[in-house]
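Report on one structure; see the data block that follows.
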Amino acid sequence: MAAYLGIDKLMAVARHVPARLVTQSPYFYISLTAMIIGTQLFMVGFLGELVSRSSADRNVYHIEKRI
(Lines give C-alpha, C1' and ligand atoms only; values in the text may rest on other atoms or scores of the structure.)
Protein backbone atom coordinates (compact mmCIF):
# COMPACT_ATOMS: atom_id res chain seq x y z
CA MET A 1 0.00 0.00 0.00
CA ALA A 2 2.84 2.34 0.82
CA ALA A 3 4.50 1.62 -2.52
CA TYR A 4 1.24 2.27 -4.34
CA LEU A 5 0.84 5.63 -2.60
CA GLY A 6 4.41 6.60 -3.44
CA ILE A 7 4.10 5.61 -7.09
CA ASP A 8 0.74 7.36 -7.38
CA LYS A 9 2.25 10.55 -5.98
CA LEU A 10 5.28 10.37 -8.28
CA MET A 11 3.09 9.79 -11.34
CA ALA A 12 0.95 12.82 -10.47
CA VAL A 13 4.03 15.01 -10.00
CA ALA A 14 5.54 13.78 -13.30
CA ARG A 15 2.33 14.65 -15.17
CA HIS A 16 2.14 18.08 -13.47
CA VAL A 17 -1.25 17.18 -12.00
CA PRO A 18 -2.05 18.58 -8.57
CA ALA A 19 -2.00 15.61 -6.23
CA ARG A 20 -3.30 15.39 -2.71
CA LEU A 21 -0.95 14.75 0.18
CA VAL A 22 -0.01 11.18 0.91
CA THR A 23 -1.13 11.58 4.52
CA GLN A 24 -4.68 12.40 3.42
CA SER A 25 -5.23 8.82 2.28
CA PRO A 26 -6.43 6.20 4.76
CA TYR A 27 -4.12 3.69 3.04
CA PHE A 28 -1.15 5.61 4.43
CA TYR A 29 -2.24 5.01 8.01
CA ILE A 30 -3.15 1.38 7.34
CA SER A 31 0.26 0.70 5.80
CA LEU A 32 2.05 2.59 8.58
CA THR A 33 0.22 0.54 11.22
CA ALA A 34 1.01 -2.70 9.35
CA MET A 35 4.71 -1.81 9.18
CA ILE A 36 4.86 -1.02 12.89
CA ILE A 37 3.02 -4.21 13.88
CA GLY A 38 5.21 -6.26 11.52
CA THR A 39 8.36 -4.83 13.06
CA GLN A 40 7.10 -5.58 16.56
CA LEU A 41 6.21 -9.17 15.65
CA PHE A 42 9.64 -9.67 14.09
CA MET A 43 11.36 -8.34 17.21
CA VAL A 44 9.28 -10.54 19.52
CA GLY A 45 10.17 -13.61 17.45
CA PHE A 46 13.83 -12.64 17.37
CA LEU A 47 13.97 -12.12 21.14
CA GLY A 48 12.11 -15.40 21.69
CA GLU A 49 14.74 -17.22 19.64
CA LEU A 50 17.53 -15.59 21.63
CA VAL A 51 15.94 -16.56 24.94
CA SER A 52 15.27 -20.15 23.87
CA ARG A 53 18.78 -20.64 22.54
CA SER A 54 20.47 -19.25 25.66
CA SER A 55 18.67 -21.64 28.02
CA ALA A 56 20.92 -23.47 30.47
CA ASP A 57 19.09 -26.79 29.88
CA ARG A 58 19.38 -26.57 26.11
CA ASN A 59 22.00 -29.29 25.68
CA VAL A 60 20.92 -31.59 28.50
CA TYR A 61 19.63 -34.86 27.08
CA HIS A 62 17.83 -37.58 29.04
CA ILE A 63 18.78 -41.00 27.71
CA GLU A 64 16.12 -43.58 28.46
CA LYS A 65 18.25 -46.67 27.76
CA ARG A 66 21.46 -47.57 25.99
CA ILE A 67 21.54 -50.07 23.20
In order over the stretch 48-63: 3J(HN,Hα) from phi, Karplus 6.51/-1.76/1.60, θ = phi - 60°, whole Hz, x for each Gly or Pro, gives x, 5, 5, 5, 5, 7, 9, 5, 6, 8, 5, 9, 9, 10, 9, 8
Once neighbouring chains are kept in place and the probe is 1.4 Å, which whole percent of the accessible area of the chain is contributed by carbon and sulfur?
66 percent
Counting only protein heavy atoms and rolling a 1.4 Å probe, one gets per residue an accessible area for the chain in Å² of 95 Å²
Per-peptide average of other Cβ atoms within 10 Å, ordering 22-30, 39-47, 56-64 highest first:
22-30, 39-47, 56-64
For the chain, take the convex hull of the Cα atoms, compute a quarter of its surface area, and give me that in nm², please.
8.3 nm²
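The values are calculated or read from the model by the stated rules, or taken from the named source; none is laboratory data. Keep in mind that what you see is a predicted model, and the values were worked out from it rather than measured. Don't worry about glycine lacking a Cβ; one is built from the backbone with ideal geometry, like all the others, and counts go over all protein chains shown. When the accessible area is computed, the model is the full protein with side chains, heavy atoms only, and any ligands, DNA or RNA have been set aside. Shrake-Rupley method; radii C 1.70, N 1.55, O 1.52, S 1.80 Å.
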